[in-house]
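> Got a structure here, written out as structure tokens. Questions coming.
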Amino acid sequence: MKRRIVAIAMIVIMAFVLMSCSKKPNEGGATPSVTPSAGGRFTPGTYEGKASGYGGEITATVVLTNDRIESVVAFGPNETENIGSIAIRDLPPEIEQKQSVQVDTVSGATTTSKAIIEAVTAALTSAGVDVSKLAPVEPEATKGAALPEEMIAVDVCVIGAGGAGMTAAIEAKAAGLSVVILEKMPMAGGNTVKATGGINAANTPLQKELGIADSVESFVEDTMKGGNYLNNEALVRTMAENSADAIAWLDSIGAPLSTLSFSGGATFKRMHAPEGGAPIGNYIMNTFLNNIESNGIDIRYNTKATKIIMDQGKVSGVIAKGKEKDYKIACEAVILATGGFGANEAMIEEYDKKLAGYKTTNAPGATGDGIVIAQDIGANVVDMDQIQTHPTVEQETSIMITESVRGQGAILVNRNGERFYNELSTRNLVSNAILQQEGSYAYLIFDQQLRENLSAVESYINADIVKEANNLSELANDINVDPDKLVSTVANWNKTITEKGQDLYNRTTGMDTTISKAPYYAIKVAPAIHHTMGGVEINTKAEVISTDGKPINGLYAAGEVTGGIHGANRIGGNAVCDIVVFGRIAAKSATEYIKTH
Ligand code: ADP
């Protein structure tokens, strides 16, 4: 719906641009319909260029006057919401301001940014402009000048606008505190916005409605088992006990979750997702952003926290660097929600040499800043060498294929067309199993029925990473697998499901439907860095623990920046549960601290 509104708005803007231009538009590449006026740099007119973005075609409409790039509008309705859409919004004004295509890409939205630059370049080239001669215009004021400083005084400073930070900020504001959120990227969302699966919770009304006899005990046990019992059990229990309430809270702020499915390592269906199995990350992030806006919460983008200031053993402020300003935040409490370090190659290598050179599914902001900032003021860290790879990542694009695809019935086959492991075992084990196959990759195989049940599949199709064929033999040929083998593998799998037999690899979940409705689909996958389980030590009140074992006064942390909850391996659906549960607890604890200390 939102995407449709954006699309309509862009069409209206483009129509306005076209109407407001006195010259006739020139369709990409055609000879301009007007001649340059004497002495003008450009041939005035409206020009269009196209390029291929992350999710489909991007069109740029550029209006030139005699001597200026008057306006640039980009249109790319299929770019990822809250990621590519930010580049669509931010890059055209930047090109207008700099009067050049030599602009920085928007961090976190590189593919879309490059496509916008390419489309604008095509439009300018069709106008006869040599873009290499358009040197960027730097505003006079920024040349070599020191950045101005802004002081902000608030009760609580939240560092990081991913799921944990947004949750904490909304709850802190609801408790009556004044809040500022610092986010180093140009957009909110972090890894959270990329979450496609769902949120695990036990004892929810939806489970009860569907007759699922889940329990907090079972949730704790699955999480501990999945984490190889390295987990901090008190944190796990806190997460499980508060999980149903997290679902109720999301509902109360406008994000109801009505779909249930299995995730890897879960005994019961407890992964809650939006209607139709839509990706959870973008869904909750839109809700968070709406709440941040309607509650008037101050959020500063492009603002990187670099230091927490302590005064007489208590947190007293934060130093941050913005694009146009330096910041000094005076606050009584800090909630650290900077996410993990899955996008920091050096840090990954430092803690696990075997993972050097791995691709990552992580947002570029996941560089472990919060861990370093907290260590600087004495915080303890735990489980730093516990780094999870996600088994099903398309390697060219680093797009992670959600566990729900397997949860809804997809199988994994190797290059011989054979299954080789329980696809819904834990991530570390499935990753290892794939790495042991010839070529160290596998194919996810599924059918039309699964596509219809899981809207996340549409985004993979839009990104052009899915092979599609009318029957399994054709699909096998397309992916260079022996057709007879693939046909017999799927037939055996279907037989196990229809006869409710014992699976060859002891798979027991995600077996509700056969793979039998054409067309058939395949996605080539291999493991990539996905989640860093280690991080800052916290207790069940989300207080950050120092190396001497005591809480640091006024410092709280939630989400992937923390360590201990997930042990040696995080099970699917637990990251979102972690951020909502501990984001809320961090806000509650900070509120109590501020009101009582
Ligand atoms: P979680 O929800 O588990 O906290 P996310 O990865 O979703 O993790 O969000 C973390 C957010 O913190 C990201 O948006 C990231 O860009 C932001 N971030 C990381 N380091 C800093 C920093 N030094 N200053 C401000 N924001 C940061």
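The values are calculated or read from the model by the stated rules, or taken from the named source; none is laboratory data. This structure is a prediction, so every number in the text was calculated from the model and none was measured. Cβ atoms come from the backbone with ideal geometry, glycine included; neighbour counts cover every protein chain shown. Side chains are part of the model used for accessible areas, which takes the heavy atoms of the whole protein and leaves out ligands, DNA and RNA. Shrake-Rupley method; radii C 1.70, N 1.55, O 1.52, S 1.80 Å.
> Quick check, is G559 closer than 26 Å to A356 by Cα, modelled with pLDDT of 95 or more and out of contact with any Phe, Trp or Tyr (no Cβ under 6 Å at 6 or more places or on another chain)?
Yes; evaluated as a whole, the condition is true for this residue.
> Hey, does the range 252-272 have a residue that's free of Cβ contacts under 8 Å to residues at least 24 places away in the same chain and within 25 Å of the chain's Cα centre (by Cα)?
Taking every residue of the range 252-272 in turn, at least one turns out to be free of Cβ contacts under 8 Å to residues at least 24 places away in the same chain and within 25 Å of the chain's Cα centre (by Cα).
> Now for a different question. Looking at the range 469-477, is at least one residue at pLDDT below 95, at negative phi, polar (S, T, N, Q) and surrounded by fewer than 15 Cβ atoms within 10 Å (Cβ to Cβ)?
Within the range 469-477, none of the residues are at pLDDT below 95, at negative phi, polar (S, T, N, Q) and surrounded by fewer than 15 Cβ atoms within 10 Å (Cβ to Cβ).
Okay, residues lined up against (1) over 25 Å from E394 (Cα atoms); (2) open to solvent by 40 Å² or more (accessible area, probe 1.4 Å); (3) over 34 Å from the mean Cα position of the chain (by Cα):
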| site | (1), (2), (3) |
| --- | --- |
| A51 | no, no, no |
| V73 | yes, no, no |
| G108 | no, no, no |
| A115 | no, no, no |
| V129 | yes, no, yes |
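> Another one. Give the range 344-368 a look and list any residue that's touching a residue at least 40 places away in the same chain (Cβ under 8 Å) and touching a strand residue (DSSP E or B) at 6+ places or on another chain (Cβ under 7 Å), or say none.
The answer is I348, Y351, L355, Y358, K359, T360, T361, N362.
> Also: Would you check which residues across the range 47-63 are in a strand (DSSP E or B) and not β-branched (V, I, T) and list them?
Y47, E48, G49, K50, A51, S52, E57, A60
Let's see how each residue does on (1) within 16 Å of the ligand (Cβ to nearest atom); (2) modelled with pLDDT under 95; (3) open to solvent by less than 30 Å² (accessible area, probe 1.4 Å); (4) hydroxyl-bearing (S, T, Y):
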position: Y327; (1), (2), (3), (4): yes, no, yes, yes
position: V334; (1), (2), (3), (4): yes, no, yes, no
position: F341; (1), (2), (3), (4): yes, no, yes, no
position: A346; (1), (2), (3), (4): yes, no, no, no
position: E350; (1), (2), (3), (4): no, no, no, no
position: G357; (1), (2), (3), (4): no, yes, no, no
position: I371; (1), (2), (3), (4): yes, no, yes, no
position: A379; (1), (2), (3), (4): yes, no, yes, no
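> Across the range 75-104, which residue is farthest from M187 (Cα to Cα) among those that are of a type in the set (S, T, Y) and open to solvent by 30 Å² or more (accessible area, probe 1.4 Å)?
The qualifying residue farthest from M187 (Cα to Cα) is T80.
> Residues in the range 481-502 that are assigned to a loop (DSSP other than H, G, I, E, B), touching a residue at least 60 places away in the same chain (Cβ under 8 Å) and open to solvent by 50 Å² or more (accessible area, probe 1.4 Å): how many?
1
> Taking the criterion of being hydrophobic (A, V, I, L, M, F, W, C), in contact with a helix residue (DSSP H, G or I) (Cβ under 7 Å, 6 or more places away or on another chain) and in contact (Cβ under 8 Å) with a residue 12 or more places away in the chain, would at least one residue in the range 225-233 satisfy it?
No, the range 225-233 contains no residue that is hydrophobic (A, V, I, L, M, F, W, C), in contact with a helix residue (DSSP H, G or I) (Cβ under 7 Å, 6 or more places away or on another chain) and in contact (Cβ under 8 Å) with a residue 12 or more places away in the chain.
> Can you confirm whether K323 is open to solvent by 50 Å² or more (accessible area, probe 1.4 Å) and under 26 Å from the mean Cα position of the chain (by Cα)?
Yes, satisfied.
> Within the range 279-313, count every residue that is among the aliphatic types (A, V, I, L, M), more than 11 Å from the ligand (Cβ to nearest atom), crowded, with 19+ Cβ neighbours inside 10 Å and not in a helix (DSSP H, G or I).
So the count comes out to 1.
> Filter the range 254-266 down to the residues that are assigned to a loop (DSSP other than H, G, I, E, B) and surrounded by 18 or more Cβ atoms within 10 Å (Cβ to Cβ) and list them by number.
Scanning the range 254-266 gives A255, L257, F262, S263, G264, G265, A266.
> From the list A109, A87, which one is in contact with a helix residue (DSSP H, G or I) (Cβ under 9 Å, 6 or more places away or on another chain), closer than 30 Å to F582 by Cβ, within 16 Å of the ligand (Cβ to nearest atom) and not β-branched (V, I, T)?
One residue alone meets the criteria, A109.
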